[in-house]
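Heads up, the thing below is written out as structure tokens.
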Amino acid sequence: MSPLADLPALPRRLAAAEPGWTETTDVVVVGSGIAGLTAALHLREQGLHVTVVTKVNIDDGSTRWAQGGIAAVLDPLDTPQAHAYDTEIAGVGLCDPEAVKALVEEGPARVRELIRRGAEFDRNPDGSLMLTREGGHRADRIVHAGGDATGAEVQRALHAAVRRDPWIRLVEHALVLDLLRAADGRACGITLHVLGEGSEDGVGAILARAVVLATGGMGQIFSSTTNPSVSTGDGVALALRAGAEVTDVEFVQFHPTSFVTAGLTSVQRPLISEALRGEGAYLVDENGERFMVGQHELAELAPRDVVAKGIYRVLRATGADHVYLDARHLGREFLEHRFPTIMASTRSAGVDPATELIPVAPAAHYASGGVRTDLHGRTTIPGLYACGEVACTGVHGANRLASNSLLEGLVFAKRIADDIGRDLPAQADPVRMNLTPAWVADPAIRAEVQRAMTRGAGVLRSADSLDTAAKELSRLAESRSTPNTAAWEATNLLTVSAALVASARSRRETRGCHWREDYPTAADEWRGHLLDSIASDGSMTQDFQEMA
């Protein structure tokens, strides 16, 4: 069966009212996490006017939820080559060496730049940066803040820097809809919905000389995720509708240790940072036995795909819905100082890590793939850039190395700003693109999409499970709605889910965080990238590009 069989036809644009208002800026940045705000600040250094569009409030994205830290070579005994080696090992043969080189060589300067912008990282008594280790790293190279509140501190510093600049316009409570194109095909702005503005339903347009997508991830396509509710794949879906290529979307990393607590009704699960294992906590089964020892040389600190698979093997064997993380031997004083966020989160649910085992299970965490870019963040559509989790820069390959995500946002945001500053064309007028079909899905399908994806395209995948998921997505796509925010989000979830299922069906191997039960080993013939896009009739198209 073709990997594209039974998949739904998808909209080439979202059904929405015509824009009732228009603004103009030099560059519009969609997203307000570490990638988006860093890009905005660097673009201002180029002398450009910037508009930042964010879906809810400026601090509601994934960045503030990052606990562990930022990986960078800041220890004199560490080297960029060692960081690159660990990154490429985790990526299981699919990392772009040039992208990795840019990440590890430019990363330290970007972290120091973040410090100059006001981010306060934890330090040793002598004033040096306190460094720790996480899964897949063979050196202590993770800087952190507030013990386990790195993302919150990074977001605070960047937010403050943006607020100080009067030439950065911030538009909150704004959902991006579709890309605007000039007559020559170049991106020249976006349509968006802003609550309470413009026409009756708030649809407007921002015209710009370049567009930067920094919309974050798509973890909400699954029933359990560490991602916030806003992570509905909006940037990837927009890019697909516009005709851009996305790649590596089958590689969704499941964080091994999300907190499993009775009575949790939200799709978003609290994260138990990998840094806790980096400081010596270990995984045990219901009998108190460590099960990662012997499975990998790094045991609990193996790359995340290895640990997640190890946990799932135990869950399948026992029928349980969780294993345990044992941090009791670290002591209350250390846990309170180093992991205040985790301690507060677990204790609020009735679990004290100083005296009790922490129930954990894998949850969807990070999309290693996304909108395909080059080393300057340029997508396959001129004038459209992408950075952060929405992008596939080639850094992560088949499995992201822990704490490389915030670093990637810093490094490639700067590269994008430099590229835009070198060659930014004049503002062009958008043309009406005859993109059909145009529709939106019924918001009621959101939970059904999440269940279908979790059952069929979650941690464990097979031809049968993926075929079932494809048919279920097609059935759900038949439920349509009038335009509204919930419907637009549901359509984005449906769109990125279809792309993921298409790639997961094609990749007949197990590699990184893509685990096919019917193809349990990696295959050289699949050492390459699947490129997905949407054809003019709304059908998925796919190509395969071998690694050089």
Of all residues making up segment 358-375, the number that are within 17 Å of V30 (Cα to Cα) and not aliphatic (A, V, I, L, M): 3
Counted residues, segment 38-82 - those being touching a Leu at 6+ places or on another chain (Cβ under 8 Å), modelled with pLDDT of 95 or more and part of a helix (DSSP H, G or I): 2
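A quick yes/no check of all residues on (1) surrounded by fewer than 21 Cβ atoms within 10 Å (Cβ to Cβ); (2) of a type in the set (G, A, S); (3) without any contact (Cβ under 8 Å) to a residue 60 or more places away in the chain:
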| site | (1), (2), (3) |
| --- | --- |
| D122 | yes, no, yes |
| S128 | yes, yes, yes |
| H137 | no, no, no |
| V143 | no, no, no |
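Tally time: how many residues in segment 244-279 are assigned to a loop (DSSP other than H, G, I, E, B) and modelled with pLDDT of 95 or more?
Summing the residues that are assigned to a loop (DSSP other than H, G, I, E, B) and modelled with pLDDT of 95 or more in segment 244-279 gives 6.
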Test for E356: is it out of contact with any helix residue (DSSP H, G or I) (no Cβ under 7 Å at 6 or more places or on another chain) and either modelled with pLDDT of 95 or more or surrounded by fewer than 17 Cβ atoms within 10 Å (Cβ to Cβ) (or both): yes
Some residue of segment 184-198 being at pLDDT 95 or above, in the same structural domain as A40 (by TED's automatic domain parsing) and of a type in the set (S, T, Y): yes
Filtered residues of segment 464-489 (kept if of a type in the set (D, E) and surrounded by 16 or more Cβ atoms within 10 Å (Cβ to Cβ)): D467, E472, E489
Failed condition for Y519, given (1) closer than 25 Å to E448 by Cα; (2) at pLDDT 95 or above: (1)
Residue within segment 456-463 that is over 24 Å from V307 (Cβ atoms), touching a Gly at 6+ places or on another chain (Cβ under 7 Å) and surrounded by fewer than 21 Cβ atoms within 10 Å (Cβ to Cβ) present: no
Any chance V212 is aliphatic (A, V, I, L, M) and modelled with pLDDT of 95 or more: yes
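Criterion first (touching a residue at least 60 places away in the same chain (Cβ under 8 Å) and part of a helix (DSSP H, G or I)) does G421 satisfy it?
Here the answer is yes, as G421 does meet what is asked.
The values are calculated or read from the model by the stated rules, or taken from the named source; none is laboratory data. Model, not experiment: these values are computed from the prediction. Cβ coordinates were reconstructed from backbone atoms using ideal geometry, including for glycine residues, and neighbour counts include every protein chain displayed.
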